[in-house]
Ligand SMILES: [Zn+2]
């Protein structure tokens, strides 16, 4: 089975492949419509995403989740939850991270915490009305992968802040203690819709 992809993840361009099940095309680029495994048929030049099926897990109170930041405002951020506990999930749930829940210290702006495209680890602190409020108030919670908002390169932790080795940009994040230690996901593409 192919690589795991999220909805909105870039799979290729229409010059390379014919888009098949589980995909959609925007501006000539093929994206995944579902969470699943990529199947590429090189003979027929088709790309499809085989949707992951199984028991649908729902984020529950207290659960640790992995999510990708999909939007940010000064006082909050939205993130798509793609993993609950250690389990990849079927459904796509949106979590909300409020600026008062990001750190023990006072935080002025969400833009110093995370940016669109970042992958975060967070805890579900409320699931009322199926709205999943997240918190990153712990050492092991926060951003685990951050990408340069200028060029998209994975940022490295340096004394001055989060450093882009490609364009030299310095950014701020609230990172988890194991930032950048796991496998690098190819999850830079985001779906703005
Ligand atoms: Zn950069």
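Looking at (1) modelled with pLDDT of 95 or more; (2) within 16 Å of the ligand (Cβ to nearest atom); (3) surrounded by fewer than 18 Cβ atoms within 10 Å (Cβ to Cβ), which is the one condition that is false for residue 98?
For residue 98, the failing item is (2).
Here is a yes/no grid of residues against (1) farther than 20 Å from residue 121 by Cα; (2) surrounded by fewer than 21 Cβ atoms within 10 Å (Cβ to Cβ); (3) at pLDDT below 90:
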{"position": "21", "(1), (2), (3)": "yes, yes, no"}
{"position": "49", "(1), (2), (3)": "yes, no, no"}
{"position": "53", "(1), (2), (3)": "yes, yes, yes"}
{"position": "63", "(1), (2), (3)": "no, yes, no"}
{"position": "75", "(1), (2), (3)": "no, yes, no"}
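How many residues are assigned to a helix (DSSP H, G or I), touching a strand residue (DSSP E or B) at 6+ places or on another chain (Cβ under 6 Å) and touching a residue at least 60 places away in the same chain (Cβ under 8 Å) if we restrict to the stretch 97-118?
Result for the stretch 97-118: 0.
Since residue 152 meets every condition but one in (1) at pLDDT 95 or above; (2) within 13 Å of the ligand (Cβ to nearest atom), which condition does it not meet?
(1)
Being part of a strand (DSSP E or B) and free of Cβ contacts under 8 Å to residues at least 24 places away in the same chain is the filter here, so list the residues in the stretch 125-161 that pass it.
Residues satisfying the conditions are 157, 158, 161.
Identify, from the list 121, 80, the residue that is out of contact with any helix residue (DSSP H, G or I) (no Cβ under 7 Å at 6 or more places or on another chain), modelled with pLDDT of 95 or more, at negative phi and not in a loop (DSSP other than H, G, I, E, B).
121
When you scan the stretch 165-179, how many residues do you find that are over 12 Å from residue 115 (Cβ atoms) and either loosely packed, with under 13 Cβ neighbours inside 10 Å or within 15 Å of the ligand (Cβ to nearest atom) (or both)?
7
If residue 153 passes every condition in (1) closer than 26 Å to residue 8 by Cα; (2) touching a strand residue (DSSP E or B) at 6+ places or on another chain (Cβ under 6 Å) but one, which one does it miss?
Single failed check for residue 153: (2).
The values are calculated or read from the model by the stated rules, or taken from the named source; none is laboratory data. Please read all numbers here as calculations on a predicted model, not as lab measurements. Quick reminder, even Gly has a Cβ in these numbers, built from the backbone with ideal geometry, and neighbours come from all protein chains shown.
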